[in-house]
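**Q** Okay, handing you the structure first.
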There are 4 protein chains.
Amino acid sequence: MIILLKKNANQTQIEHLKESLTSMGVQLNVSVGQSHTIIGLLGDTSRVDIDMLNALEIVESVQRIQEPFKKANRRFHEDDTIIELENGVKIGGGNFQMIAGPCSVETESQIIEVAQAVKAAGATILRGGAFKPRTSPYAFQGLGAEGLRLLSKAKKETGLPIITELMDAAHLSLFDDVDIIQIGARNMQNFELLKQLGKINKPVLLKRGLANTLQELLTSAEYVMAGGNEQVMVCERGIRTFETRTRNTLDLSAVPVLHRITHLPVVIDPSHATGVAKLVPPMALAATACGADALIVEVHNDPAHALCDGAQSLTPEDFAEMARRVKAILPYSMR
Amino acid sequence: MIILLKKNANQTQIEHLKESLTSMGVQLNVSVGQSHTIIGLLGDTSRVDIDMLNALEIVESVQRIQEPFKKANRRFHEDDTIIELENGVKIGGGNFQMIAGPCSVETESQIIEVAQAVKAAGATILRGGAFKPRTSPYAFQGLGAEGLRLLSKAKKETGLPIITELMDAAHLSLFDDVDIIQIGARNMQNFELLKQLGKINKPVLLKRGLANTLQELLTSAEYVMAGGNEQVMVCERGIRTFETRTRNTLDLSAVPVLHRITHLPVVIDPSHATGVAKLVPPMALAATACGADALIVEVHNDPAHALCDGAQSLTPEDFAEMARRVKAILPYSMR
Amino acid sequence: MIILLKKNANQTQIEHLKESLTSMGVQLNVSVGQSHTIIGLLGDTSRVDIDMLNALEIVESVQRIQEPFKKANRRFHEDDTIIELENGVKIGGGNFQMIAGPCSVETESQIIEVAQAVKAAGATILRGGAFKPRTSPYAFQGLGAEGLRLLSKAKKETGLPIITELMDAAHLSLFDDVDIIQIGARNMQNFELLKQLGKINKPVLLKRGLANTLQELLTSAEYVMAGGNEQVMVCERGIRTFETRTRNTLDLSAVPVLHRITHLPVVIDPSHATGVAKLVPPMALAATACGADALIVEVHNDPAHALCDGAQSLTPEDFAEMARRVKAILPYSMR
Amino acid sequence: MIILLKKNANQTQIEHLKESLTSMGVQLNVSVGQSHTIIGLLGDTSRVDIDMLNALEIVESVQRIQEPFKKANRRFHEDDTIIELENGVKIGGGNFQMIAGPCSVETESQIIEVAQAVKAAGATILRGGAFKPRTSPYAFQGLGAEGLRLLSKAKKETGLPIITELMDAAHLSLFDDVDIIQIGARNMQNFELLKQLGKINKPVLLKRGLANTLQELLTSAEYVMAGGNEQVMVCERGIRTFETRTRNTLDLSAVPVLHRITHLPVVIDPSHATGVAKLVPPMALAATACGADALIVEVHNDPAHALCDGAQSLTPEDFAEMARRVKAILPYSMR
């Protein structure tokens, strides 16, 4: 951390600040220039409150050098984290996977049919919503516990591990058979929920909020990891901008940026990002090319009659064609 | 709702769509032009899924006419909602209030001292955080239950009703003595939490998420109201943009826009929006001038040593000066 | 400027960098910590290229201390700049003005009628577009030279100084009778045009681009001032965000922020920002309350038949009512 | 265009509106519902002013069906536009090209050396800035006419066609030997400049502004095309968001969206978008995978000493490696 003091900072105030910093256990490095004095803070600065420093009358500005996340930080953990599921499927560290399935679980035949189709096309994990976060209280909110039961059935039928969204820690007991717990964009900073996930032993896929920075995404991942559960994947699913032709703007530079600053696997969701089925395959290819560790894609056997987000769902045929190209590009992708 | 069909939509497909819409209980109004056919949907369209319509091959675009919120909608509730607290303090419908207090409750003397100071300056409600949403898991998370106890003490001491943030429905039992429950920006779309608030009988202040539209804010308010609790206030506290000189960008046009589309009281939080104490008074005045029903402002008796967000806290003296000007401007403010 | 070196920076590289910086005439202040070395650059760093420094292998990050603008900077020019027009009207330094008039000049009777109406209500400067920047090449592009002629006529008739937009330096010869040259948001970084304005002796109102930071706005003002013309006002007119209920988001915190970092007058345009007539008066009041030096507002005697932007134009009656409240609030506004 | 009238619209007002619309030559299609009346406008609606309609008291909302651009619109021009340069190099319609070179032309040896290197690696067009748009008036502004002379020399030496930026129509006479004129993001809505480009017979590469929608980008392309010059390419180079880890956010979904709504070639600039050399190759691969018609990349033989934007320039070796992967991915890319 670097503290730049104001021109007119008096010596007493400076000494007072230095004492207070030293008492927090950090090492100081003071350099006095003609106009400004600069204090460098070395050692563990995680307990120093940047806002408090900024509030001081004698402080011009404060700059963090170290990121506010540690367990998620590649600086302290050089090797890629590899998430391994019960059936041996791995994500990260060179292991690429396609996750596919419907937005919502609707019926037994629907989820099993879609599961079989995406498996045939190369998907290795099944997605499907049981508890659905919906903007409107009047929209279909998902089948809930019954949806989880149908997902389990599809898992047994096809052997595909399953991922589904958790919206409330009170539901955790229903998620025993779920292989990966998804936390949606709207709950990325639901810190109480994140703390609960730190206490369990199950992989978590954490989606980036619509207006959250990559640093905040990793600091939320840190909430889970700080609790003891280090099996976290982060997912870019589109951010909010002024552009209206796509539902959100898929920030693909998140992939190489995240790979540089974290060791956690990076997943891309082109379906929610674009909101338009025709745009999903090109963005899935692009995500693969720039190094994503996994794709999570909505596929429905009857998009026009899907109970939610049909507009962004691929048919199984479109998914198979997309998957064919993804596999061809994969060897030339870059990290 | 208006559905614009594609040029090449064939007659069978159109008939199929019309039947399916009629079966949902809406009335249709079809107008056939040279190039396009337009279907107007009249009546209660809240059960029609816009995404499903957009997914249909024959549909070019769909436009909602009615907002997706009803109970919060001024169209169906012309009169301003007035929130009345136990001690008779009212917000909305011409009743303007100043809410003030520290970011975090720290000690008994701190909260009581600040409460007395802001009361003397004209504040009628005391704010103070007990459960604090912090970006980093390593930052001070608030005093929790002990903080609530201290707030109650300050309430007893000064007579000021209290508002504090709830982050987890599991904590609700601790909030009996709290007069207004605040839901923070990060939980604006924590739908499970909103549903719980619909079941209680206590005013709720719902903050706008950092990247949420005003329509989404009201649709989240609708989650609470749909559950039966219609005592909701909405609060603008800054949105995310590219500008870096302020922490967020305070969207003050939200005030007149909200007053046109909803009957709920509109509260402005200039402290979190700007993140800089010197910017709080001018923005508080601006909010008053354009018609805000209440201001919620951070005040600390020792900003430089506040445990959180000291940088944005006013001293009691600054607050008193601000309050003096707010009262002078109030009679000329506009709605 | 503060340069933070990477952990592994070797001594030879560091010496090489120090020599190269010294040769640019800046004074160095090196502080060597356990893990990082920090170089503080003092003196005139305006010739040091931040991008070049960032590109160096041994550099971790570079932070500017000084703003990249000088003539516009309050640090080097403490007193407010006051723009004085030929007829003695002043803007800035406590002098508040209302600028009003139609989006486009349409006919002689229209511009004179509006001029008389806004003057009666308290406006002291007349606005009116002759050259109009229009998104579409097929939209009305303004009356051009004829529009300037009609503005002059209205000026003669009413005594109001006039402000109008310049889009091309080739048109400058037509602007002799114009009192203030407006540069639109879309040309804020048309640097060749800004350079031409540096060579003339006439006040310039520079509008903030839709996605430009306040620092960039002032750096563009610096282009004009560096050329020798220091009569510059800056204008906030809405920035682009995800919100769709207003055309743009009026960033009113720009007012107190700009007053802190620059001595130039700050003007607010609530008409273009909101795009909706009903929202203009409350935002004009808010702008006044937080310390704007001037308002620029669209007024049309027949908004429904205006050739452009009628939707955001006030009637003369609405403007008069707004002006009445603005004047009442003004004494309590804050800077 | 679809006009939705307000509930309380009276019959006289409606008739008045209908007459006025009919007089503009559009065909009307009125459908009267229980609560709302809807008027569909068919035929050529390009002369109908949406803002004027919105301003009418009886109008609730207006929705455009047709895009405000025609010549750039794929609806009216199904086949891809192919830009063919003098030496036969083609862009668009399945012809993919790599454009590479330094940010600024600095010296004869520099530009020739880089030109030879990028040609060897597969680039077919040379980029290089002579007139440079710089945020600060004190930054290096390019070599100007001398830079153009050096570019010509490199063209003669290597046979590579050249692209460089034009900032002022007054400079056009110097651009005779230039093969493609680039218009920078900051001038995307410099309409006077666009009009001048409509009068010449030379390909234009138009960059998207930092806060402009894709529709606005194409409407600016329309300015050039409406003047008679239909050789236009559009270029995505990053938009402004709240994320700070990249200079801008590269909006790659622009590629498939643009391919659906326009026939013009789509170029991606990963260098300016990210601002960081290490991020350029992965984003270039991603752009290729999702169907870009060309890449424009900064390459410098000595990035650390480049006079501008060295931080984002690749070395020739990095570029060669990137080019190798781009060619491998190309056959599987998607449109």
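Readers should treat all values here as calculations from the given coordinates under stated rules, not as data from a laboratory. Remember, predicted model here, so these are calculated numbers, not experimental data. Note that each Cβ is placed from the backbone with ideal geometry, even for glycine, and that neighbours are counted across all protein chains shown.
**Q** What percent of all Cα-Cα pairs in segment B:73-140 falls in each 10 Å bin, counting up from 0?
**A** 18, 33, 28, 17, 4
**Q** Kirkwood hydrodynamic radius of chain C from all distinct Cα pairs, in Å?
**A** Mean inverse Cα-Cα distance, inverted, gives 21.5 Å.
**Q** Separate question: Would you please classify the overall shape of the protein assembly as shown from the alpha carbon gyration tensor, given that a ≥ b ≥ c denote the square roots of the eigenvalues, rounded means a/c under 1.5, and beyond that prolate means a/b larger than b/c while oblate covers the rest?
**A** The shape class here is rounded.
**Q** What's the percent breakdown of Cα-Cα distances in segment B:196-244 across 5 Å bins, shortest bin first?
**A** All Cα pairs considered, the percentages come to 5, 22, 27, 19, 13, 7, 3, 3, 0.
**Q** What is the calculated FRET efficiency for B:A145 to C:R260, with r their C-beta to C-beta distance and R₀ = 45 Å, to the nearest 0.05?
**A** With R0 = 45 Å, the Cβ-Cβ based efficiency is 0.65.
**Q** Here's something else I'd like to know. When the dipole is taken about the Cα centre of segment D:164-229, and only Lys, Arg (+1) and Asp, Glu (-1) are charged at their Cβ, what size is it in debye, to the nearest 20?
**A** In debye, rounded to 20, segment D:164-229 gives about 180.
**Q** Follow-up question, since we're still on this one. So what's the angle, to the nearest 10 degrees on a 0 to 90 scale, between helix C:280-289 and the longest Cα principal axis of chain C?
**A** 50 degrees
**Q** Give the average, rounded to an integer, of partner chain Cβ atoms located within 10 angstrom of each Cβ in B:290-303.
**A** Taking the mean over all residues of the peptide, I get 2.
**Q** While we're looking at this one, here's another question. Be a star and scan segment A:1-32 for residues whose amide nitrogen sits under 11 Å from the point 7 Å along the Cα-to-Cβ vector of C:E60.
**A** Residues passing the 11 Å test: A:1-2.
**Q** Nearest 10 degrees, 0 to 90: what angle lies between the long axis of helix B:316-329 and the longest principal axis of chain B (Cα atoms)?
**A** So the inclination is approximately 50 degrees.
**Q** May I pose another question? Could you check which residue among B:Q63, B:Q189, B:Q231 shows the biggest mean-square fluctuation in a GNM of chain B with a 10 Å Cα cutoff?
**A** Judging by the Gaussian network model, the answer is B:Q63.
**Q** How far apart, in nm, are two points set 7 Å out from the Cα along the Cα-to-Cβ line at A:T107 and at A:H16?
**A** Modelled inter-label distance: 7.4 nm.
**Q** Looking only at segment B:189-211, which residues have a backbone nitrogen under 18 Å from a spot 7 Å from the Cα of B:E84 in the C-beta direction?
**A** Those under the cut-off are B:201-204.
**Q** Run the helix sum for chain A: -39,500 (n - 2.57) per DSSP H stretch of 4+ residues, divided by residue count, reported at 222 nm to the nearest 500 deg cm²/dmol.
**A** -9000 deg cm²/dmol
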